[in-house]
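No lab work stands behind these numbers, since they all come straight from the coordinates. Worth saying up front: this structure is predicted, and the values here are computed from it rather than measured. Reconstructed Cβ throughout: ideal geometry from the backbone, glycine too, with neighbour counts over all protein chains shown.
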Amino acid sequence: MKFIRQSLVFGIALATAFSGSVALADSHGRDSTDARLRTAITGEHRSSEKRARDAYRNPYETLTFFGLSEDMTVLEINATGGWYTEIIAPVVAGTGKYFATMWDPGTSEWARGAFNELAELIDADRELYGDAEVVAISGDNFRPIEPGSADLVLTFRNIHNWMTSGSIHEMLEMMYVSAKPGGHLGIVEHRGNPLIRQDPEAVSGYVNEGYTIRLAEEAGWQLVATSDINNNPMDDKDYEKRVWRLPPTLRYLAFEGWPEVDEAQRIKSLAIGESDRFTLLFVKPTG
């Protein structure tokens with residue numbers, strides 16, 4: 001059973017932040033969005049491999065917690081593989097707008113492949129995805145959309161990557177600039193052990209929840225609520241073997257490459273499941 005752990009200001013802040021422009025505050029909009037979301041999650045366009053991860057990624061509960069509404073402009077940062085693209089873009093197609101950022105395809109072969117894969121996924125079914133767009137970001141372009149235009153900015157398991165690359169402050173600032181006043185930021189990330197001092201480069205892949213909150217607040221975001229939706233108490237947080245030893249990667253991260261885990265670790269990792277993750281909701285102040 002999953003529990004939601006809310007901040008003391010959740011009721012007041014959420015009611016204020018989601019009034020007016022957010023359809024979930026209206027019963028008709030809420031019902032319509034809910035139906036679209038359920039349809040997208042159970043849609044045949046999603047592969048069995050992607051659906052299998054729903055048990056750990058909890059897309060319905062997560063996106064409902066973040067306040068997704070069909071009339072929103074949604075910006076997803078680093079949507080590699082399109083896992084959430086296949087759910088969010090159909091929800092807002094025709095009534096809102098979905099943007100997904102990927103690294104500039106001109107920066108590397110990997111970036112080109114990842115960008116093209118996502119663009120091709122969307123282009124292959126415009127009836128489903130509507131006018132969804134993939135937009136490039138790079139060190140020279142940290143303004144992927146019109147500033148102040150996003151109702152909801154989302155990022156899933158990317159904080160550790162930006163800490164490793166040294167771009168965390170720039171990324172949080174970019175997301176802040178992209179959001180409307182009163183717009184929201186939703187973050188899901190591998191939860192670190194709070195008793196272990198945070199490595200600023202997050203080499204293990206684990207990030208402390210409090211550390212992430214502080215970084216976001218330094219960028220101007222205000223915490224609205226936290227949730228235990230994506231918790232996994234089975235995760236033993238083995239920093240030495242790192243978070244990628246767990247599904248779906250099942251590999252050790254090493255400087256020499258990404259060797260597969262040995263059989264003993266594979267059995268252990270499958271029993272654990274995907275990583276323990278915190279889920280955070282922030283708002284961009286209106287004043």
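Which percent of the Cα-Cα distances in the stretch 187-287 go past 24 Å? Of all Cα-Cα pairs in the stretch 187-287, 29 percent lie more than 24 Å apart.
Are there any chymotrypsin sites (Phe, Trp or Tyr not before Pro) in the stretch 202-287 that are in a DSSP loop and have at most 12 other Cβ atoms within 10 Å? List them by number. Can you show the working numbers first?
Numbers: sites: 206, 211, 221, 239, 244, 252, 255, 278, 282; in loops: 206, 221, 239, 252, 255.
Hits after loop and neighbour filter: 255.
Set the Förster radius R0 to 41 Å, insert the Cβ-Cβ distance between residue 193 and residue 127 as r into 1/(1 + (r/R0)^6), and round the FRET efficiency to 0.05. E between residue 193 and residue 127, to the nearest 0.05, is 0.35.
Note down, for the stretch 170-210, the three equivalent ellipsoid semi-axes (square root of 5 times each alpha carbon gyration tensor eigenvalue), biggest first, whole angstrom. Present the calculation step by step, with values, prior to reporting the outcome.
Working: eigenvalues 132, 25, 12 Å².
In descending order, the three semi-axes are 26, 11, 8 Å.
Annotation note: GluC sites (Glu not before Pro) in the stretch 34-67 located in DSSP loop regions with a Cβ neighbour count of at most 11 within 10 Å are 44. When the P(r) of the chain is calculated, the portion above 25 Å amounts to 46% of the C-alpha pairs. Each 5 Å bin from zero up to the one holding the largest Cα-Cα distance in the stretch 242-287 carries the following percent of pairs: 5, 20, 23, 14, 10, 7, 6, 6, 5, 3, 1, 0. Stretched out straight at 0.36 nm per residue, the stretch from residue 222 to residue 31 would grow longer than its current Cα-Cα span by 66.0 nm.
Building the convex hull from the alpha-carbon atoms of the stretch 43-160 and averaging its projection over directions returns 7.7 nm². Taking a Cβ cut-off of under 14 Å around residue 114, the surrounding Lys, Arg, Asp and Glu residues balance to a net charge of -4, with basic ones at +1 and acidic ones at -1.
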